[in-house]
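**Student:** Just dropping this structure here.
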Amino acid sequence: MNNFYSLPEITFPDWSLWGDRHRLDKIDYPGVYLLAHFRDHKPLNANNLPKEVIYIGETCNQTLQIRWRDFNSCAFANNNGHSGGVKYRKDFEGEGQDYLYVSAIPMELPKKVIQSLYIRYIERKLILQYALKWGKLPKCNSK
């Protein structure tokens with residue numbers, strides 16, 4: 001079978017504080033992202049899916065920056081539209097952004113249909129890996 005596309009490796013960068021998300025590279029691309037809530041310590045590596053991961057998300061038709069704006073609006077401004085953000089608001093009400101961290105893999109593949117399929121595949125694969133490792137979904141994922 002010929003592989004016409006070189007798919008990017010799934011390696012997450014180190015965690016960044018939620019308030020610093022605008023400084024991350026290539027957030028004007030779609031991609032896959034992890035959100036974690038660290039109260040005591042922040043592990044450098046996001047790739048091992050620590051128990052503190054609370055949401056595994058994706059965006060195919062928007063940029064990461066726009067999707068994170070939606071999350072932020074739901075989590076901290078009492079709006080609706082991002083189910084993970086609404087769940088975060090309910091579960092972590094009053095804790096603000098001090099403990100929220102993000103790590104993301106922006107993706108831009110030459111063919112948009114392949115890009116969307118790959119992004120969705122990676123998100124589902126990561127949710128499955130998390131559930132197999134910890135015996136449950138991340139706290140803010142509903143399916």
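The values are calculated or read from the model by the stated rules, or taken from the named source; none is laboratory data. Since the structure is predicted, the reported quantities are computational estimates derived from the model, not experimental observations. Here the Cβ positions follow ideal geometry from the backbone for every residue, glycine too, while neighbour counts run over all protein chains shown.
**Student:** For the condition surrounded by 13 or more Cβ atoms within 10 Å (Cβ to Cβ) and free of Cβ contacts under 8 Å to residues at least 40 places away in the same chain, what is the one hit in LEU117, LEU126? First the steps, then the outcome.
**Tutor:** Working: LEU126 fails: free of Cβ contacts under 8 Å to residues at least 40 places away in the same chain.
Just one listed residue meets the conditions, LEU117.
**Student:** Going through the range 95-138 one residue at a time, which ones are at pLDDT 95 or above, of a type in the set (D, E, K, R) and either over 15 Å from the mean Cα position of the chain (by Cα) or outside any helix (DSSP H, G or I) (or both)?
**Tutor:** Of everything in the range 95-138, those that are at pLDDT 95 or above, of a type in the set (D, E, K, R) and either over 15 Å from the mean Cα position of the chain (by Cα) or outside any helix (DSSP H, G or I) (or both) turn out to be LYS133, LYS136.
**Student:** Return yes when GLY84 is within 23 Å of ASP14 (Cα to Cα), in contact (Cβ under 8 Å) with a residue 24 or more places away in the chain, under 13 Å from the mean Cα position of the chain (by Cα) and assigned to a helix (DSSP H, G or I) and no when it is not.
**Tutor:** Details: within 23 Å of ASP14 (Cα to Cα): yes; in contact (Cβ under 8 Å) with a residue 24 or more places away in the chain: yes; under 13 Å from the mean Cα position of the chain (by Cα): yes; assigned to a helix (DSSP H, G or I): yes.
So GLY84 passes the test.
**Student:** Also, quick follow-up: With the requirement that a residue be more than 14 Å from the chain's Cα centre (by Cα) and of a type outside the set (Asp, Glu), what does the range 1-21 give you?
**Tutor:** So in the range 1-21, the residues more than 14 Å from the chain's Cα centre (by Cα) come out as 1-9, 19-20.
The answer is MET1, ASN2, ASN3, PHE4, TYR5, SER6, LEU7, PRO8, GLY19.
**Student:** Across the range 25-52, what is the total count of residues that are modelled with pLDDT of 90 or more, surrounded by fewer than 13 Cβ atoms within 10 Å (Cβ to Cβ) and of a type in the set (A, V, I, L, M, F, W, C)?
**Tutor:** Total satisfying the criteria: 0.
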